[in-house]
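Heads up: the structure comes next, in structure tokens.
The values are calculated or read from the model by the stated rules, or taken from the named source; none is laboratory data. Quantities reported herein were computed from a predicted structural model and do not represent experimental measurements. Here the Cβ positions follow ideal geometry from the backbone for every residue, glycine too, while neighbour counts run over all protein chains shown.
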Amino acid sequence: MGHGLAYILPRKQFNTFGYRWSFNPGPFSIKEHVCITVMGNVVVFGAYTTEVVLIQRIFYAQNPPLIYQILLSVGSQVLGFSLGGLLRQFVVWPASMIWPGALVNSALFNTLHKNYGRSERGHMSRERFFLIVVVGCYIWHWFPGYIFTALSMFNWVCWIAPNNVVVNSLFGSMSGLGMSVLTFDWSMIAFIGSPLVTPVRSVLICVFACKLTNVYNSGGPR
């Protein structure tokens, strides 16, 4: 879409109070792509304070006024951005301070913007590969999401002996240790974050520790 807008938008220059600007200042760059992604990530999950107001209404039978909700949301958001600005010399500026979650986006940006529009010998272009993956993911999501939802939690062992207490205690995901959990649904795999960023050993240790200690009443033995 960015490259498309750079192609069709008019390049006419405007002068507003001595400041020259245009709807199409130049080719769509990686910096613009990063800026769009940052703005999208900031707003896509909303403000956490909406959950605070929701809890007040449901569990405490409180109906806070609208001005309270607005000030609470704006105040918490501004506080978070302010802390980010104050700590940028510790968590942003040093080149060694690499956030693991940013590596995935960085790799994607560089992959899509490197040699954009140029044919590469020996394999398909990066843009075509990305488009194929996006379309394939969209089509596949219909199967675990709507057509055959059992693919989300593929507990095949429990299907063999659904009434066996021992089998369900060991292999059940809702009533046991979940030792046979197999999923073909990426939304389930990446429910709390992409596993491509976190090392596999850390994920396995966390999963088994949570199940064995029944963290958040996850269904494991007490």
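Assorted remarks:
- Hey, VAL34 out of contact with any Phe, Trp or Tyr (no Cβ under 9 Å at 6 or more places or on another chain) and outside the structural domain of PHE130 (by TED's automatic domain parsing) or not: no
- Here ASN63, ASN15, ASN24 are screened, and the one residue that is surrounded by fewer than 11 Cβ atoms within 10 Å (Cβ to Cβ) and touching a helix residue (DSSP H, G or I) at 6+ places or on another chain (Cβ under 8 Å) is ASN63.
- Candidates SER180, SER152, SER125, SER175: the one that is more than 30 Å from THR213 (Cβ to Cβ) and polar (S, T, N, Q) is SER125.
- Scanning region 121-133 for residues that are surrounded by 10 or more Cβ atoms within 10 Å (Cβ to Cβ) and either out of contact with any helix residue (DSSP H, G or I) (no Cβ under 6 Å at 6 or more places or on another chain) or among the hydroxyl-bearing types (Ser, Thr, Tyr) (or both) yields MET124, SER125, GLU127, ARG128, PHE129, PHE130, LEU131, ILE132, VAL133.
- Test for ALA107: is it at pLDDT below 85 and part of a helix (DSSP H, G or I): yes
The rows are residues; the columns are (1) at pLDDT 80 or above; (2) more than 23 Å from the chain's Cα centre (by Cα); (3) part of a helix (DSSP H, G or I).
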{"site": "PHE129", "(1), (2), (3)": "yes, no, yes"}
{"site": "SER169", "(1), (2), (3)": "yes, yes, yes"}
{"site": "LEU177", "(1), (2), (3)": "no, yes, no"}
{"site": "SER187", "(1), (2), (3)": "yes, no, yes"}
{"site": "LEU196", "(1), (2), (3)": "no, no, no"}
{"site": "TYR216", "(1), (2), (3)": "no, no, yes"}
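- Qualifying position, being loosely packed, with under 14 Cβ neighbours inside 10 Å, of a type outside the set (Lys, Arg) and part of a helix (DSSP H, G or I), among ILE139, ILE192: ILE139
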